[in-house]
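First the structure, in the form of C-alpha cells, and then the observations on it.
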Amino acid sequence: MEDHILSPVKELISRSKNIAVLTGAGISAESGIPTFRGKDGLWNNYRAEELATPEAFSRDPRLVWKFYNWRRALISKKSYNRAHKALAIMERNVPHFTLITQNVDGLHQKAGSRNVLELHGNIWKVRCIECNFEDIDETPDLGELPRCKRCGGLLRPGVVWFGESLDPDILERAIKACRESELMLVVGTSSVVQPAASLSLEAKQRGAVVVEINLEDTPYSRYMDYTIRGKAGEIIPELISKWQ
Ligand code: BJW
Ligand code: ZN
C-alpha cells in the first residue's frame, strides 16, 4: 500500500489520546477462521436462521451444538495474527484505548489486548438455560447436548444470536468509548449487523475521525473519513510501525 494513503491515518494514530476500534470476522480471516458473509463465508454453507437464533436452539439444540462444536474445534487450532498483535501494541501506546469486537473467538485477548468489549459473547463461554449459570470451557468438543454442572439443565453457547439483546452494560460501555474517542477504526466487518454497525456513527456524530479498513466497501463506507482497502494483517502493522 502506498504511503500517501496510510500516512494521514498513521499521523492520526500517533496524535490521538483516545482511540476506539471495532473489529469483525475479517480480522480473524487471516488466521484461517471463516467470515460469515461473502464468497467463503460461513453463512454460505449454513443458514443463519437455522443456527444462530434462539428459535433454532429450541427447535434442534443438537444441530446447533454440532455447528458450535465444529467451530470450537476449528478455532482451537488457530492463532492470532499480525492484525490482532498490532492492535495489542496500539493499546499499550495510546492513553485511552478500547477494543470493541463482534468476534467470539477470543483471539484479541490471546494476542495481548486487555480492554476488550465482546459485543456478541465468546465461543468458549457456556450458559445454562435453566439456572443461567455461566462457565468458561475451552474443551473443543462439548458433545451432543452439554449439561450444567450446577443443575443438570441444558447448556447453550455464550454468544448473542439474532433477535437477542446484547449485554446492556457492554453495549453502553462500547457506545461511551465511541462517543469519547477522537479516532475510530472499523476493521474487517461487513457493517450489516446492528447495533454494532452503527457504533461508528456514534463516534462520527461526536466529532471523531472514522477510518474503515476492509477488503471491500460496506454500507458505512460513505460515512468514513478514510477508507483503506486491504488486508487487516498488512495494513494495521504498517499503521503502528513506529511502535514496533
Ligand atoms: C477483511 C479481511 C481481511 C475479510 N482484512 N477485512 C436494525 C435494523 C435491521 C435489523 C436489526 C436492527 N437492529 C437489530 C436488528 C436485528 C439483527 C440485525 O442486525 N440483523 C441484520 C442482519 C439485518 N440484530 C440483532 O438481532 C442483534 N440484537 C439486537 O439488536 O437486539 C435488539 C433487537 C432484537 C430484534 C429486533 C430489533 C432489536 C444481535 C446480533 C447478534 C449477531 N450474532 C452473530 C452470531 C454470533 C455467534 C456466532 O459467532 O455464532 O454475530 S451473527 C454474525 O454477524 C456474528 C458477527 O459478529 C456478526 C457480524 O459479522 P462481521 O463480523 O461483520 O462478519 P462478516 O462476515 O459479515 O464480514 C466480514 C468482513 O471482513 C467483510 O466485509 C470482508 O470484506 C472483510 N474481510 N477478510 C480486512 N483479511
Ligand atoms: Zn443450571
| query | So which pairs qualify, if the first residue must be in the stretch 76-103 and farther than 19 Å from L42 by Cα, the second must be acidic (D, E) and part of a loop (DSSP other than H, G, I, E, B), the Cβ gap must be under 6 Å, and the two must be at least 6 apart or on different chains? | reply | N81/E30
| request: With a cut-off of at least 3 residues that are touching a Cys at 6+ places or on another chain (Cβ under 8 Å), name the helices (runs of 4 or more DSSP H) lying wholly within the stretch 158-244. | output: 199-205
| request: Of the conditions (1) assigned to a helix (DSSP H, G or I); (2) without any contact (Cβ under 8 Å) to a residue 24 or more places away in the chain, D135 clears all except one; give me its number. | output: (1)
| Can you name every residue in the stretch 22-62 that is polar (S, T, N, Q) and either near ligand 1 (Cβ under 9 Å from one of its atoms) or surrounded by fewer than 17 Cβ atoms within 10 Å (Cβ to Cβ) (or both)? | T23, S28, T35, N44, N45, T53, S58
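Quick check, is L155 of a type outside the set (D, E, K, R), in a helix (DSSP H, G or I) and either surrounded by 13 or more Cβ atoms within 10 Å (Cβ to Cβ) or within 16 Å of ligand 2 (Cβ to nearest atom) (or both)?
Spelling it out, it is not the case that L155 is of a type outside the set (D, E, K, R), in a helix (DSSP H, G or I) and either surrounded by 13 or more Cβ atoms within 10 Å (Cβ to Cβ) or within 16 Å of ligand 2 (Cβ to nearest atom) (or both).
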| query | Which of the residues spanning the stretch 92-132 are in a helix (DSSP H, G or I) and surrounded by fewer than 20 Cβ atoms within 10 Å (Cβ to Cβ)? | reply | R92, N93, Q109, K110
| task | Check R173 against each of (1) away from ligand 1 (no atom under 16 Å from the Cβ); (2) over 20 Å from the mean Cα position of the chain (by Cα); (3) of a type outside the set (G, A, S) and name the one condition it does not meet. | result | (2)
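Looking only at the stretch 192-204, filter to residues that are of a type in the set (S, T, N, Q) and surrounded by fewer than 22 Cβ atoms within 10 Å (Cβ to Cβ); which one of those is nearest to ligand 1 (Cβ to nearest atom)? Show your work before the answer.
Step one: of the stretch 192-204, the residues of a type in the set (S, T, N, Q) are 194, 198, 200.
Next cut, surrounded by fewer than 22 Cβ atoms within 10 Å (Cβ to Cβ) only: 194, 198.
On the way: Q194: 3, S198: 8 Å.
Applying the filter and picking the extreme gives Q194.
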| query | Scanning for something farther than 19 Å from E91 by Cβ and either hydrophobic (A, V, I, L, M, F, W, C) or within 11 Å of ligand 1 (Cβ to nearest atom) (or both), does the stretch 177-188 turn up at least one residue? | reply | no
| note | For the stretch 76-113, the count of residues that are under 15 Å from A29 (Cβ atoms) and within 9 Å of the chain's Cα centre (by Cα) equals 6
| remark: Flagged pairs (Cβ under 7 angstrom, 6 or more apart or on separate chains; first in the stretch 172-194, within 25 Å of K231 (Cβ to Cβ); second at pLDDT below 95) are S190/R37
| task | Enumerate the pairs (first residue in the stretch 12-23 and in the same structural domain as G188 (by TED's automatic domain parsing); second residue anywhere and crowded, with 18+ Cβ neighbours inside 10 Å and of a type in the set (F, W, Y)) with beta-carbon separation below 6 Å, excluding pairs fewer than 6 apart on the same chain, so at least 6 apart or on different chains. | result | I19/F97
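Restricting to the stretch 85-122, count the residues that are closer than 19 Å to P168 by Cα and within 12 Å of ligand 1 (Cβ to nearest atom).
10
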| remark: Pairs returned, first residue in the stretch 118-129 that is on the phi > 0 side of the Ramachandran plot, second residue that is within 16 Å of ligand 2 (Cβ to nearest atom), beta-carbon separation under 8 angstrom, 6 or more apart or interchain, are G121/P157; G121/G158
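The values are calculated or read from the model by the stated rules, or taken from the named source; none is laboratory data. Values in this document were obtained by computation on a predicted structure and should not be read as measured data. Don't worry about glycine lacking a Cβ; one is built from the backbone with ideal geometry, like all the others, and counts go over all protein chains shown.
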